[in-house]
Amino acid sequence: MNIQSEFIDLDTPTGIMRTYIHRPVAAGSYPVILFYSEIFQQTGPIERAAKIMAGHGYAVLVPEVFHELNPIGTVLAYDDAGRDKGNADKSAKDVQGYDTDNAAMIAWVKQQPWCNGRIGAMGFCIGGHLAFRAALQPEVEATACFYATDLHTNVIPNQPGQHSMERLSDIKGELLMIWGKQDNHIPTEGRAVVYQKLTAANLTFTWHEFNAQHAFMRDEGERYDPQLAMTGYQLALDMFRRNFA
């Protein structure tokens with residue numbers, strides 16, 4: 001399926017948020033996936049991942065997750081300086097800012113003729129957490145979280161009662177949780193905490209742990225595992241297809 005790409009600068013309560021849109025060229029309306037990047041924003045690997053999903057019949061929106069803290073169009077490099085800046089941004093942005101970002105995207109996309117009204121979310125690394133956060137929105141029906149960082153920590157600033165794991169009752173859709181067993185950002189005990197809380201909340205979710213490192217979906221660098229990446233995409237596509245059929 002051929003796709004087209006563009007961007008829109010959306011108004012949010014915390015400023016303009018550039019959002020990249022990848023969607024099929026063919027006329028028609030499609031389900032939407034809110035696609036959340038790593039701390040580096042829309043890098044080459046994130047853009048290619050979003051386009052893979054778009055090529056399967058989805059309109060994919062990639063927001064600049066730290067738009068309040070950087071000039072529009074900022075892409076951080078996969079190096080120490082980029083990592084330090086991205087982690088600083090993660091620690092500086094209040095979690096409620098992601099909620100208003102999500103609401104702004106959902107309100108806008110529901111007005112587009114190419115949106116059929118079905119909305120899901122997906123993300124890698126901090127984006128896995130932000131996809132999980134998007135699942136708090138009642139419009140989000142299915143969510144794929146790849147090695148979601150900081151669900152088990154308090155690194156992201158939260159108001160009392162606003163930690164993502166404290167609002168599980170707001171999640172109504174299906175979750176797909178994918179992890180790497182050799183991920184040094186999310187240790188075994190951290191994954192266990194998340195699993196136990198999702199189970200106790202009686203959420204609908206599927207859980208997969210692979211022998212892989214953090215960022216095994218990223219098609220640059222030594223941690224990339226092409227075979228597992230293909231498996232991950234297929235699991236996400238199966239879940240979205242099941243929920244949007």
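The values are calculated or read from the model by the stated rules, or taken from the named source; none is laboratory data. Remember, it's a predicted structure, so these values are computed and weren't measured experimentally. Heads up, the Cβs are rebuilt from the backbone with ideal geometry, glycines too, and the neighbour counts pull from every protein chain shown.
Of all residues in the range 145-193, exactly one satisfies the criterion of being touching a helix residue (DSSP H, G or I) at 6+ places or on another chain (Cβ under 7 Å), in a helix (DSSP H, G or I) and touching a residue at least 40 places away in the same chain (Cβ under 8 Å), namely 164.
Only one entry in 147, 78 is of a type outside the set (A, V, I, L, M) and within 16 Å of the chain's Cα centre (by Cα), namely 147.
Taken as a whole, the range 206-213 holds no residue that is surrounded by 14 or more Cβ atoms within 10 Å (Cβ to Cβ), within 20 Å of residue 51 (Cβ to Cβ) and touching a helix residue (DSSP H, G or I) at 6+ places or on another chain (Cβ under 9 Å).
Among the residues of the range 48-76, the one identified as surrounded by fewer than 18 Cβ atoms within 10 Å (Cβ to Cβ) and in contact with a Phe, Trp or Tyr (Cβ under 7 Å, 6 or more places away or on another chain) is 75. Taken together, the criteria exclude residue 96 from residues that are under 24 Å from residue 178 (Cα atoms) and of a type in the set (S, T, N, Q). Put simply, of 94, 99, 89 the only residue that is of a type in the set (Asp, Glu), at pLDDT 95 or above, surrounded by fewer than 19 Cβ atoms within 10 Å (Cβ to Cβ) and over 18 Å from residue 9 (Cβ atoms) is 99. Of the residues 16, 72, which is at pLDDT 95 or above, assigned to a strand (DSSP E or B), of a type outside the set (S, T, N, Q) and more than 21 Å from residue 122 (Cα to Cα)? So the residue among 16, 72 that is at pLDDT 95 or above, assigned to a strand (DSSP E or B), of a type outside the set (S, T, N, Q) and more than 21 Å from residue 122 (Cα to Cα) is 16. Filtering the range 182-232 to residues that are among the hydroxyl-bearing types (Ser, Thr, Tyr) and within 17 Å of the chain's Cα centre (by Cα) leaves only 206. Which one is farthest from residue 207 (Cα to Cα), of the residues in the range 116-144 that are assigned to a strand (DSSP E or B) and among the small types (Gly, Ala, Ser)? By that ranking, first place goes to 117.
Residues of the range 220-237 that are loosely packed, with under 13 Cβ neighbours inside 10 Å and closer than 24 Å to residue 33 by Cα: 220, 226, 227, 230, 234.
Could you go through the range 124-132 and let me know if any residue there is surrounded by 16 or more Cβ atoms within 10 Å (Cβ to Cβ), touching a residue at least 60 places away in the same chain (Cβ under 8 Å) and over 13 Å from the mean Cα position of the chain (by Cα). No, the range 124-132 has no match at all. Is the range 23-32 home to any residue that is β-branched (Val, Ile, Thr), farther than 18 Å from residue 102 by Cβ, surrounded by fewer than 20 Cβ atoms within 10 Å (Cβ to Cβ) and more than 16 Å from the chain's Cα centre (by Cα)? Yes, that holds for at least one residue.
Just checking, does the range 110-120 include any residue being surrounded by 22 or more Cβ atoms within 10 Å (Cβ to Cβ) and more than 14 Å from residue 240 (Cα to Cα)? No; the residues of the range 110-120 include none that is surrounded by 22 or more Cβ atoms within 10 Å (Cβ to Cβ) and more than 14 Å from residue 240 (Cα to Cα). Considering the range 190-204, and only residues there that are buried (at least 18 other Cβ atoms within 10 Å of the Cβ) and not β-branched (Val, Ile, Thr), the residue that is nearest to residue 31 (Cα to Cα) turns out to be 198. For beta carbons closer than 9 Å, sequence separation of 6+ or different chains, a first residue in the range 221-238 that is in a loop (DSSP other than H, G, I, E, B) and a second that is aliphatic (A, V, I, L, M), the qualifying pairs are 221/215; 223/212; 223/215; 224/215; 224/217; 225/212; 225/217.
Take the residues in the range 48-69 that are part of a loop (DSSP other than H, G, I, E, B) and of a type outside the set (Gly, Ala, Ser); name whichever of them is farthest from residue 108 (Cα to Cα). Here the residue is 56.
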